[in-house]
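The values are calculated or read from the model by the stated rules, or taken from the named source; none is laboratory data. Bear in mind the structure is a predicted one, so any value in this text is a computation, not a measurement. With ideal geometry, Cβ positions are generated from the backbone for all residues, glycine too; neighbour counts draw on all protein chains shown.
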Amino acid sequence: MGGRKACGTECLKRGDPAALVTKEKEFHILVAPSLALAPYVGLQVRVTGTDHNGTIGVEKEEVAKDGNWEVGGPVDACAGDLDAVTSWA
């Protein structure tokens, strides 16, 4: 692991807020425990939650794996498919 992925992962492990960039290049700040999202930096994810003017209250995250969506963790209006989890400062 190196570069941007390593940097983003370390930032989330420190508790910095997470953000997503959609396929349409829209930026969304995530309201969820940063530590829980750290493993998904740089991966394609789908987030379910409530959108509050571009800030998403995460209820569930899923990660794309072998053409399927796998539930990521314990965190139902659909926010859509998202391209990457990255640190936001």
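Check region 4-18 and report whether any residue there is within 9 Å of the chain's Cα centre (by Cα) and either modelled with pLDDT of 85 or more or exposed (fewer than 13 other Cβ atoms within 10 Å of the Cβ) (or both). Yes, region 4-18 contains at least one residue that is within 9 Å of the chain's Cα centre (by Cα) and either modelled with pLDDT of 85 or more or exposed (fewer than 13 other Cβ atoms within 10 Å of the Cβ) (or both). Annotation: of all residues in region 45-89 being acidic (D, E) and modelled with pLDDT of 85 or more, the one that is surrounded by the most Cβ atoms within 10 Å (Cβ to Cβ) is E61. Could you please let me know if G42 is surrounded by 13 or more Cβ atoms within 10 Å (Cβ to Cβ) and on the phi > 0 side of the Ramachandran plot? Yes; evaluated as a whole, the condition is true for this residue.
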